[in-house]
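Step one of this worksheet: look at the structure below.
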Number of protein chains: 2
Amino acid sequence: MVSGVSKAEGVLLRHVHVAGPLTRAELAERMGVNRSTVLALTARLAQAGLISEHVPLATHRVGRPSLMVAPAADRVHALAFDVAVDRLTAARVALGGQVLARRTAPRPRAGADLEVVVEALATMGTDLHRTAPAGSVCAGVGASYCGMIRRADGMVRYGPDLGWVDQAFGAALGARLGLGLPVAVGNEAHLGALAEHVRGAGAGLRNLIYLHGDVGVGGGIIVGGELLDGDGGYGCELGHMLVNPYGGRRCSCGSRGCLEAEVGERALLDAAGRPASATGRDAVRAVIADAAAGDRRAAAAVRSIGDWLGIGVVNLINLFNPAMLIFGGTMSDVYRAAADRVRFRIASNVLPVSRERVQLCTPLLGDDTTVAGAAELAFADLLADPLGQGALAPTA
Amino acid sequence: MVSGVSKAEGVLLRHVHVAGPLTRAELAERMGVNRSTVLALTARLAQAGLISEHVPLATHRVGRPSLMVAPAADRVHALAFDVAVDRLTAARVALGGQVLARRTAPRPRAGADLEVVVEALATMGTDLHRTAPAGSVCAGVGASYCGMIRRADGMVRYGPDLGWVDQAFGAALGARLGLGLPVAVGNEAHLGALAEHVRGAGAGLRNLIYLHGDVGVGGGIIVGGELLDGDGGYGCELGHMLVNPYGGRRCSCGSRGCLEAEVGERALLDAAGRPASATGRDAVRAVIADAAAGDRRAAAAVRSIGDWLGIGVVNLINLFNPAMLIFGGTMSDVYRAAADRVRFRIASNVLPVSRERVQLCTPLLGDDTTVAGAAELAFADLLADPLGQGALAPTA
C-alpha cells in the first residue's frame, strides 16, 4: 500500500528529527527493518531534500562504515509562535529541533483584539521568513496559545489572559502570513508536554504530566505515548481541579478553590502580603528569594502554596500513575522552593504502588518548551507523510 | 506478513463478538475490505470452529442474500470470575458475550487467606467447566478483583477489603483450576469501564469514565479508546483524589479527604446517622428510600454526598473532557438520588467547553458489568490472534 510506504518514510524521518544523525545500521535496528529497506527509504527522502547522508568522521569498526543519515536542518524549517502571558515569540526552528532565529515582543495588554496580536506575530514571522537562507523551505507553521484551543481549526475557545472567547486565531494568523500554509495551534501546556515528551526530560516515557504555571496553571498529560485530548480536545485542565471546594480562593474561571486559584501567581503573592501591583514571574521569584533569605511571611507563603501544589500532584499521580511529573513556568520556581512539601504530600497521600517509581523534575528545554512544542506541531504533517506534499518549494 | 493476516481475522471475530451476527457485506463495509477478503477470513475462522455461517431467515433484498456470520457461541466460551465486596461469582460466558451459566457464593470475611478465596472460586469454576456441553472449548479465563492489580501476572498488590497485599491471585487460581490456561486479572472498575465501553452504555465512544462504588470507590477511564493504565497499571484511582484535604474524613488508604472517604458507603451511612452495624448496598438504598420518603436527615445526607460526588465529577471532566460518565455499583444509587446536585456542580464548576456535550448515565449492563469485563479480558488473546493458539481443544 502507498500509505504504508509513506508512513515508513515518516518513521525514518522522525527518528533523525528526534535523535539527530544516525547510521543506516542504527536506523535499521530502531525501525526493525533490514538495511535494504533503509536504503530505499533514505534514497527517496534524500531526493526530496529532507535528509542528507555523509560518511561518519570517525569510526572504531573495521570495514566499510555505515553512512550517517541527518535531517536536512539547513534546508527545512518551521515557523513557531508563542503567545504567552508576558510576551510574544516567533522562531524559525530547523528540522531536527534547533532554534535557528528568534524574535520577541511584549504581549499586548488584556483586551487586545485578535488583529493586534496577529499583526505583531505576523510581522516577526514575515521577517524570519524573509531572512531565511535562499533555497530553504518552510514545512509548516505552529503556534502555542495560553488558552483552550479547538485543534481542528485553531480557534481559541477561551483565553482568559487576553479576554478572548471564540477567536479564529489560527485562521487569522495563517491568512496574514500569506505562506499558503495552515497554522496548527495548541495550548501552551499541551505543547510543553509534547516537547518534553519528544526531546526533553520525558523522552522515551509513555506516561508523563507537565504542569505549567504563569498567571494561570495548565497542564499537558501524555497517556500511553499520546497527548490526552478528550472528546473535544479540552482535557488536561488540571488547573481547574477543585482542591478546596468549600472556602477556596476565587478562580479566573468563575469557580472557587481550583488548583490554579490556590497555587497560581496571585495566590503566592497574596499569601506573602505583596501588593496587587506586584505581578509576573519576577514578583514570584522575589517572594521565593525572600523566603530563602529568611523572610518568615514569604517562607510561610511558599510552604502553603507548596502544600496545595502537593495536593494537586497527589490527585494526578493517583489518577494517572505517571512515570514523571515536570514542573514548568512559575511552577518550576515554586516546585524547586517547596519540593519538600510536595514530596511530603506524595509520601502521605499517594497510594504506595503508584508512588514507587514516579520522578519529579523541571523541563530539560527550560523556557523554550512551548516554542519547541509549537515547532513539533508545525512539523507533524511532514513527519506523518514526508513525500505526500510533493517536493517542498523553496522560500524565495 | 503472517501477523497481519492473523490480525485481520481477529478484527473480524471481534466485530461479531461485539455486534452479534453480521452479513458478509456488513463485515466488508465495517472492516473497509472487499468481500473476497471477508470470504477468505471467514473460511479460516469457520474451519477453526470460531464462527458459523448461515442463510439469514428473512431478507428484504432481491438476489442472493449475503450469508450471516455469527460467533460460535455454542462452542466457544470463557470462564469469568468476580471477587466483589459482598460475593464471589463464577460464570461461563459465550463468545459473543452471553452469560451461559453462573454460580455465586458469599465472599469470605476480611482477613481470609488467598487459598480460601481461590478454593471457593475454583470449586464453582470447575463445576461450570464440567457441566459445559461436550465438545465446547474454554478460550480463556478472566477475573475481576476489587483492588490494585499488577496486570502482567495477576498479582493483587493492594486489596483493602480482604486485607491483601502482594498476593499471587491469578497464578494461584490458574494452578488450582488446572485447565492449562493463565488467568488474566483486572481491577473491578477497570473491567466495568471496559465492558461498558465494548458492549454497554459507552459502546462506540473513545473517551469515557466509569465510577464504581461499593465499600470503596474506584474507577476505570477510557482515553482514546484504551483503558488508562499508567506507568505500572495503577492509574484510574479516582477514589483517592483529595477533594477535602483539610479536615476531611479518614480514608481506608490512610489518607484524609479522599473522594472515597467523602462519597463511599460509610460517608452516606454516617451522615444519615445510621449505626456502624448498618453496612452494604441494602443499607445505602435504605437511606436513599428514606430520603425520598421525606426523612430530613437522610435527605440532607444524600444532598451532601451528592455534592461531594459532583466535586469529584467536576475534576474528572476538567481533566479528561470525557464524552460520558457512567455511575456503577452504589454510585448508581447515589447518582440517581442526587443527580441534581451533581449537575449543579457541573454547571457551576466545569469549564464551559468541556461541559458542552458530556452525558451522565448508569451502566447498561447493570450489575453484570464486572463479570462481563472479566469475560472480555478472558477473550482478549483469542480476539487478538484467533488462529495463533492452533485449534482450541474441546473440554472433555
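The values are calculated or read from the model by the stated rules, or taken from the named source; none is laboratory data. For clarity, every value in this text was computed on a predicted model and none was experimentally measured. All Cβ positions, even for glycine, are placed from backbone atoms using ideal geometry, and neighbour counts span all protein chains on display. Remember, those area values only see protein heavy atoms, side chains included, never the ligands or the DNA or RNA. Shrake-Rupley method; radii C 1.70, N 1.55, O 1.52, S 1.80 Å.
For the segment B:154-160, counting C-beta atoms of other chains within 10 Å of every residue's C-beta and taking the mean gives 1. Other residues whose C-beta falls under 15 angstrom from the C-beta of residue B:234 contribute a net charge of -1, scoring Lys and Arg +1 and Asp and Glu -1.
Dipole magnitude for chain A: about 720 debye, using +1 per Lys or Arg Cβ and -1 per Asp or Glu Cβ, origin at the Cα centre. Here is the size of segment B:256-390 from its Cα atoms: Rg then Dmax, 18.1, 63 Å. Take residue A:163, push a point 7 Å out from Cα through the beta-carbon direction, and compare it with the same point in every other copy: 6.3 nm, smallest first.
So, counting K/R as plus one and D/E as minus one, what does the shell of residues with Cβ under 11 Å around residue A:253 add up to?
After counting each charged neighbour, the total is 0.
Other residues with beta-carbon under 13 Å from the beta-carbon of residue B:309 carry, at +1 per Lys or Arg and -1 per Asp or Glu, a net charge of -1. Residues considered: B:142, B:178, B:280. Largest GNM mean-square fluctuation over chain B, using C-alpha springs under 10 Å, is found at B:178. Take residue A:367, move 7 Å from Cα toward the beta carbon, and the resulting point lies 6.0 nm from the same point in each other copy, nearest first.
Summarise the long-distance tail of P(r) for segment B:1-138 by giving the % of C-alpha pairs beyond 25 Å. Display every interim value, and only then the final one.
Details: 4105 of 9453 pairs.
Result for the distance tail: 43 percent.
For the residues B:24, A:130, a 1.4 Å probe over the protein chains yields an accessible-area ranking, largest first, of A:130, B:24.
Kirkwood hydrodynamic radius, segment B:265-338, all distinct C-alpha pairs: what's the number in Å?
Working: mean 1/r = 0.0785 Å⁻¹.
Evaluated over segment B:265-338, this radius sits at 12.7 Å.
Centre-to-centre, using Cα atoms only, segment A:277-354 and segment A:63-136 are separated by 32 Å.
Each listed q (0.09 Å⁻¹) maps to a log10 I(q)/I(0) for the protein assembly as shown, found by the Debye formula over equal Cα scatterers with no solvent: -0.96. Take each residue of peptide B:343-351, count the partner chain Cβ atoms within 10 Å of its Cβ, and average: the result is 4.
Here's the picture: charge each Lys and Arg Cβ at +1 and each Asp and Glu Cβ at -1 in the protein assembly as shown, and of A:156, B:179, B:370 the one pushed furthest to the positive end of that dipole is B:179. Across all directions, the average flat footprint of the convex hull enclosing the Cα atoms of segment A:223-322 is 7.9 nm².
Computed over Cα pairs, the Kirkwood radius of chain B leads via Stokes-Einstein (0.692 mPa s, 37 °C) to a diffusion coefficient of 147 µm² per second.
Within 10 Å of each Cβ in B:320-326, how many Cβ atoms from other chains are there, averaged over the peptide?
Working: counts 11, 11, 3, 3, 1, 0, 0.
The shielding value for this peptide is 4.
Dipole of chain B computed with +1 at Lys/Arg Cβ and -1 at Asp/Glu Cβ about the Cα centre; of B:309, B:42, B:275, farthest Cα towards the positive end is B:42.
Normalised radius of gyration (Cα atoms, divided by 2.2 N^0.38 Å) for segment B:118-258: 1.18. Of all residues in chain B, the one whose Cβ lies closest to the rotation axis carrying B onto A, together with that distance in whole Å, is B:223, 2. Using a 7 Å projection from Cα along Cα-to-Cβ, the label point at residue B:127 is separated from the same position in the remaining copies by 8.2 nm, smallest value first.
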